[in-house]
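The values are calculated or read from the model by the stated rules, or taken from the named source; none is laboratory data. Fair warning: this is a prediction, and the values are worked out from it, not measured in the lab. Here the Cβ positions follow ideal geometry from the backbone for every residue, glycine too, while neighbour counts run over all protein chains shown. For the accessible areas, the whole protein counts, side chains as well, though only heavy atoms, and no ligand, DNA or RNA atoms are used. Shrake-Rupley method; radii C 1.70, N 1.55, O 1.52, S 1.80 Å.
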Amino acid sequence: MRNNIRVMLVEDHPEYRETLELALGKEAALELTGQFGTAERALRSLENMDTSQIPDVILLDLNLPGLDGLDALPLFSSSLPSAKVIVLTQADREADVLKAITRGAAGYLLKSATLKQIITGIQSVHSGGASLDAKVAQFILKTLKTKLPRRQMGQVLTEREMD
């Protein structure tokens, strides 16, 4: 039985890819199975990929040359339905966060995250959880609070609970 989590990295900055490669290489439970500078190359690699190299988790930057991460996200999800995608980006715009989540992202981390947070995020998403940057989570909570009308909350809660 395989214990390690296979990770694919799609990131256009070579220095950041190298940093993550070194960090993930130190984690016995993680295996970097591929790293690509564009989404197109990553998607093409899946066509001929050996089953032992198929990633469990994909770390996907949004700001990529060519096909950007938001447009690539559903393509990764349809090509690898069992793989989980974590957006790992500098883009903290609210519209990007919502689009990424609605397009299938299982996590959204900013590049300012520590290596420990990224590794914990990979493990959490792989085990069925989610991984969100604290600012992103705060934005989502605020958005959900404003989207759920008070009348609907009253249908879920009794009048006493509403008080």
Exercise. Among the residues of the stretch 102-139, how many are among the hydrophobic types (A, V, I, L, M, F, W, C), surrounded by fewer than 16 Cβ atoms within 10 Å (Cβ to Cβ) and farther than 16 Å from Leu59 by Cβ?
Worked result: 2
For this session: State the number of residues belonging to the stretch 1-33 that are assigned to a helix (DSSP H, G or I) and either over 16 Å from Ile118 (Cα atoms) or not hydrophobic (A, V, I, L, M, F, W, C) (or both).
Result: 8
For this session: Could you tell me which residue of the stretch 4-48 is surrounded by the most Cβ atoms within 10 Å (Cβ to Cβ), considering only residues that are of a type in the set (Asp, Glu) and touching a residue at least 40 places away in the same chain (Cβ under 8 Å)?
Result: Glu11
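On the given criteria, is Leu67 part of a loop (DSSP other than H, G, I, E, B) and open to solvent by 10 Å² or more (accessible area, probe 1.4 Å)?
For Leu67, the condition - part of a loop (DSSP other than H, G, I, E, B) and open to solvent by 10 Å² or more (accessible area, probe 1.4 Å) - is met.
Just to verify a result, which residue in the stretch 125-148, among those that are hydrophobic (A, V, I, L, M, F, W, C) and part of a helix (DSSP H, G or I), is farthest from the chain's Cα centre (by Cα)?
Out of the qualifying residues, it is Leu144.
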For this session: For the stretch 45-52, indicate whether the set of residues that are hydrophobic (A, V, I, L, M, F, W, C) and over 20 Å from Ser127 (Cα atoms) is non-empty.
Result: yes
Exercise. Just one of Ile122, Ile101 is closer than 22 Å to Ala29 by Cβ, in contact with a strand residue (DSSP E or B) (Cβ under 9 Å, 6 or more places away or on another chain) and either assigned to a helix (DSSP H, G or I) or not aliphatic (A, V, I, L, M) (or both); which is it?
Worked result: Ile122
